[in-house]
Structures are given as structure tokens and as C-alpha cells.
Amino acid sequence: MATLFNTPEIAEFYVKYRPVYPAFVYDKIFQVLDDGSAGKNRQFAVDVGCGSGQSTRQLAEHFDRVLGLDSSEAQLNEARSKFCSGVSNAVFRCETADRLSEVVEDGSADVVTIATALHFFASKSFFEKCLKVLKNGGVMAAYCYSFKMDGWDSADVGRIFQEFFAGILQGNFEQGVCEQGVKHVINKYEDLFTALVEVFPKTERFSRTVVQRRSLNEVGGLIRSLGVYKAYRDRNPNCDDPANTLISRLKAFCGVDSEDEPVVNMPMEYFMIIGKKA
């Protein structure tokens, strides 16, 4: 993961264009966390694969302390200097996910979150480490989002996006890049949920689709922050930029001159797998 995201350029795209997570994501986490509890447990949260801190900052609004872990110093620099600047109850460490149980004390965390990152490092062993560091009744929640290929303003806009993603994914898969992680996202963590069930005594899945209106500039920035896009560009540096081609096609279809005008209703599906420690 650090290889894909550990550059200042990608980190900047990430903090500027990646969406914050809707309130219903955290409402669901707190619903599961508080179920069967006499009070609200909001002391300590750990955000694994925190990137530039979108989820970390949102957790900091609810917990006394939040620890953000990521393997990319470039991403953490963005988190400290921009997204979480001035957030006094959030601290960050450059660590890989497999060191979770070495960094966090056993039985100390109320919540362990993994926001749009689990597909890079998921394993039964990682789930076992989450279980180890959680308090009794603590929750591990891994959430992510994906572009839906239906529900666009028109079938033509949906087709333009389908052709874009088909092109870069096929190029990556032919070179053996990002394949497993992308498949985890495409199947909405279904296979990872199977592994989670083997570790946690209580498990749950959740999903919801929202439509986000975006400008072409925002669409291009989001695309350029994606690991699959970065991997494709790294391996095909001399080809035409597929993000530029995508934006040009959308601009022509929408009939707009400005790339800053919100013109695209983008359907995004947020999905989550949850495990609760007994």
C-alpha cells in the first residue's frame, strides 16, 4: 500500500478529493458498539490505514483519543498538517497494519476502524490482532466505497465510467497489479467477511448507496487518488492519461465549459463489515 500512496502528489490528491464518510457509517458503528452496553464507550479508537486522516478526524469528534496508523509518511504528513491540523486528541504513527498488536496494548481499544484500506492487507491474522487489542464489547469496523455502475444521470454517463474503469483494470490485471485488492472491493468485502466470521463471535454487514454531485475537476481528482489509477500510470507512463480522456468525454457529453461546475451525480455505495468482541 505504501508503494502506491507514498508520494506527495498522491497524498495531496487524497486529502483534497477523497470524500469524508457519511454520518450513517459512524451511526452504525456506535449502534453495534452500544448494543448491550450500560453506557457509551468512547475512550480510545484506532484507525488503521488512516491515510490522510479523513476517518481519523471524524472519529476524534466522538472519542477521547484516536491513534491513526499508516505505512505512508506522505499520507501522514497530509493528515497532520491539513486534515487533522489542530485536532489535539488525534496522534499518528507510521506503522504497517501487521504491527497493530505490537503498537496497541491488548484490550485497550473501544473501536478499531479500517477505512477504504482493508483490501490492501486483509487476512485472518489481522482480524485476530484486532480482536486482541479490543476491549470486551469492542468493535472492529472496516468500511469502504465503490462507484456503482448504475444509477447515473444517464446510461451514457454510466457507460463512459464503465469503459474508463474497464480499461485501467484490464491493463493492471494483465500485469498482475492490484488484482486481489480490487476484487475485494468489487465483491463488497464478501470474501473478507467470511474470514471475519471465523474470528469474531458477532459479525454484521451493512451497505447504503448515496448520490454525490461533483464537478469534473472533483471527479478527475478523485480518480487520480485511486491506487488502481496510480498503478496503471506507473506502468504505462507514455500512454495518454486515461483521466484526461475521461474528463474530456464527460465535458463534451455534459456540454459544459467549466470543470468546476457540479454537473455529475455520482452514485457511491458505502459498505461495511463489522465484528464485535464478546
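The values are calculated or read from the model by the stated rules, or taken from the named source; none is laboratory data. Treat the numbers as computed from the prediction; the structure is a model and nothing was measured. Glycine also receives a Cβ, built like all others from the backbone with ideal geometry; neighbour counts cover every protein chain displayed. Ligands, DNA and RNA are excluded from the accessible area calculation, which covers all protein heavy atoms including side chains. Shrake-Rupley method; radii C 1.70, N 1.55, O 1.52, S 1.80 Å.
If you take the residues of the range 37-67 that are open to solvent by less than 40 Å² (accessible area, probe 1.4 Å) and in a helix (DSSP H, G or I), which of them is modelled with the lowest pLDDT?
Checked the range 37-67; the qualifying residue modelled with the lowest pLDDT is 54.
State the number of residues belonging to the range 122-131 that are surrounded by 18 or more Cβ atoms within 10 Å (Cβ to Cβ) and touching a helix residue (DSSP H, G or I) at 6+ places or on another chain (Cβ under 8 Å). Walk me through how you get there before you give the answer.
The first filter runs over the range 122-131 and keeps only residues surrounded by 18 or more Cβ atoms within 10 Å (Cβ to Cβ), leaving 122, 126-127, 129-131.
Those left that are additionally touching a helix residue (DSSP H, G or I) at 6+ places or on another chain (Cβ under 8 Å): 122, 126-127, 129-130.
Going through the range 122-131 one residue at a time, the tally reaches 5.
What are the residues in the range 68-91 that are touching a strand residue (DSSP E or B) at 6+ places or on another chain (Cβ under 7 Å) and either in a loop (DSSP other than H, G, I, E, B) or more than 16 Å from residue 117 (Cα to Cα) (or both), if any? Walk me through it before giving the result.
Pass one, the range 68-91, residues touching a strand residue (DSSP E or B) at 6+ places or on another chain (Cβ under 7 Å): 68-71, 73, 76, 79-80, 84, 89-91.
Once the filter is applied, which keeps residues that are touching a strand residue (DSSP E or B) at 6+ places or on another chain (Cβ under 7 Å) and either in a loop (DSSP other than H, G, I, E, B) or more than 16 Å from residue 117 (Cα to Cα) (or both), the range 68-91 yields 71, 80, 84, 89, 90, 91.
Considering the range 16-29 alone, what residues qualify as being touching a residue at least 12 places away in the same chain (Cβ under 8 Å), open to solvent by 20 Å² or more (accessible area, probe 1.4 Å) and either assigned to a helix (DSSP H, G or I) or of a type in the set (A, V, I, L, M, F, W, C) (or both)?
Within the range 16-29, 16, 17, 20, 24, 28 meet the criteria.
Please identify the pairs in which a residue from the range 195-220 that is modelled with pLDDT of 95 or more has its Cβ atom under 6 Å from the Cβ atom of a residue that is among the basic types (Lys, Arg) and surrounded by 15 or more Cβ atoms within 10 Å (Cβ to Cβ), counting only partners at least 6 apart or on another chain.
Listed pairs, sorted by first residue: 202/276; 206/28.
Please indicate, with yes or no, whether at least one residue in the range 201-216 is within 21 Å of residue 270 (Cβ to Cβ) and touching a Ser or Thr at 6+ places or on another chain (Cβ under 7 Å).
No, the range 201-216 contains no residue that is within 21 Å of residue 270 (Cβ to Cβ) and touching a Ser or Thr at 6+ places or on another chain (Cβ under 7 Å).
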